Amino acid sequence: MTKLVLAIDDDKYVHHVIEESLAGFCKLIHAKSGEEGLRQAFKYNPDIILLDIEMPGKTGYEVCRELKANEQTKDTPVMFLSGKSELAERVKGYNLGASDYIVKPFNAEELMARIRVLYQYRQHSIKLKNDVERAQITAEIAMTDSGDMGRIMRYVGQSYHAHDVHSLSAYFFEFFRPLQLDVVVAFWYQEIGVFCSDEGGVCPLEQELLEKHRHANRFVDFSSRTIINYPKVSILIKNMPLDDVALYGRYKDLFPHILEVTNAKIQDMEVNEKALAQAHSVGNAFAELSTKMYDNSDARELAVTKFAAQLAEVRKTIEQKPELKYNQELVFHIEQLEQTQTEFSALNNDLSFIKYQLNHIIESRNELVASLSRIANSEYTEEITSQTDIELF
């Protein structure tokens, strides 16, 4: 399906750049002012809107506010085009509902890549919207009489059975649905941001805001949004009830509990992954050492046997020629050979014991790897009830 993109900008040159950049990539509609852009948006319902900020008449911010206030276009992704790169401008655009922000001048590859991401984000969100709405209704009905502590305790139990970020995020959003909060979460797993939302997609600007505020204060409020940060997890609540002091205070007391549990779980998953990797590495080293010892074992035993046969032949020769018994130098060499044979025999015994110990270590390592793998595999955990099955206590 051809993507339909509406470009709203008062600069003819920008329209020319956009036209050349997106030629053959999507179908374009042009608008030279904010007023014309609104009319085109309501008429054609484009997939994505590219919106300049500073224009005569209605500014891009005003146009975006009207687009998001209209039922027909409120879910259409808006990408601001601006020469300003400050974070404050991006935050202002995001507060008005924009999904991305690109700084002029931009190149064709960057523009196409960002449009492709926004288009996938919108299609994915539309696909999941009905399922999410049904899930929210079911969860809200079931959770009406459940207290905060009951839901936290249930989440603690559920998190124990989560062995990857995907399964943990499913339990995480199940906790938030009854609260009617729109939440985006960033798991900082192995120092890499994994972004999730209950609607399936996380727009680029939301990712950027979470990344830039990751090391800020524990609570960051802006407009009706709140970011809450922990070392291994951050959340962006897009509709925090800042005007309801009591409810906002309740949430501020409640959410650190679930984030502490989530933070600890992410740390546990990282430690388990590291331990599993180390167990594999150590086991492989021992296995390689054991293989080399076995490879050399036959040759070594053959050499010892041959050495013993040669020594026996020398003794036989001496017995046949008694006069050789009085050759002190020969006797000395025979004693040395006998001592060497004794040492070879002791070495063989030591190496046999080492091989036995290596086999024991390898077996223990295999048991450890199997145990760690079971911990990391959700198939080995029992099925647990969801947040909707909580009993009051």
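Net charge dipole, the stretch 10-90: roughly 180 debye, given to the nearest 20, about the Cα centre with Cβ charges of +1 for Lys and Arg and -1 for Asp and Glu.
For the stretch 174-282, the alpha-carbon coordinates run over 57, 28, 26 Å along the three principal axes, in decreasing order.
Measuring nothing but protein heavy atoms, the accessible surface of the stretch 28-110 at 1.4 Å probe radius is 49 percent carbon and sulfur. Counting protein heavy atoms only, the stretch 206-267 has 47 percent of its accessible area on carbon and sulfur, 1.4 angstrom probe.
Three principal axis extents describe the C-alpha atoms of the stretch 60-106; from largest down they are 31, 19, 14 Å.
Of the cross-linked pairs 212/238; 3/92; 84/212, those separated by over 21 Å at the C-alpha level are 3/92. Within the shell of other residues whose beta carbon sits under 12 angstrom from the beta carbon of residue 270, the net charge comes to -1, with Lys and Arg scored +1 and Asp and Glu -1.
When both the stretch 201-277 and the stretch 11-55 are represented by their alpha-carbon centers, they are found 35 Å apart.
Rolling a 1.4 Å probe over the heavy atoms of the protein chains gives the stretch 170-277 an accessible area of 42 Å² per residue. Along its three principal directions, the equivalent ellipsoid of the stretch 3-112 from the Cα gyration tensor extends over semi-axes of 18, 17, 13 Å, largest first.
In order along the stretch 13-25, the phi-based Karplus estimate (6.51 cos²θ - 1.76 cosθ + 1.60, θ = phi - 60°) of 3J(HN,Hα) comes to 5, 4, 4, 5, 4, 5, 4, 5, 5, 9, 4, x, 9 Hz; Gly and Pro are listed as x. When each of the peptides 152-164, 170-182 is scored by how many other beta carbons lie within 10 Å of its residues on average, the order from highest to lowest is 170-182, 152-164. Value of Rg to Rh for the stretch 166-223, rounded to two decimals, is 0.95; Kirkwood radius and Rg both from alpha-carbon coordinates.
Sorted on the mean count of surrounding Cβ atoms within 10 Å across their residues, most packed first, peptides 50-59, 92-101 read 92-101, 50-59.
The values are calculated or read from the model by the stated rules, or taken from the named source; none is laboratory data. Since this is a predicted model, take the numbers as computed values, not measurements. Cβ: placed from backbone, ideal geometry, glycine included. Neighbour counts: every protein chain shown. Just so you know, the surface numbers come from the protein's heavy atoms only, side chains and all, with ligands and any DNA or RNA stripped out. Shrake-Rupley method; radii C 1.70, N 1.55, O 1.52, S 1.80 Å.
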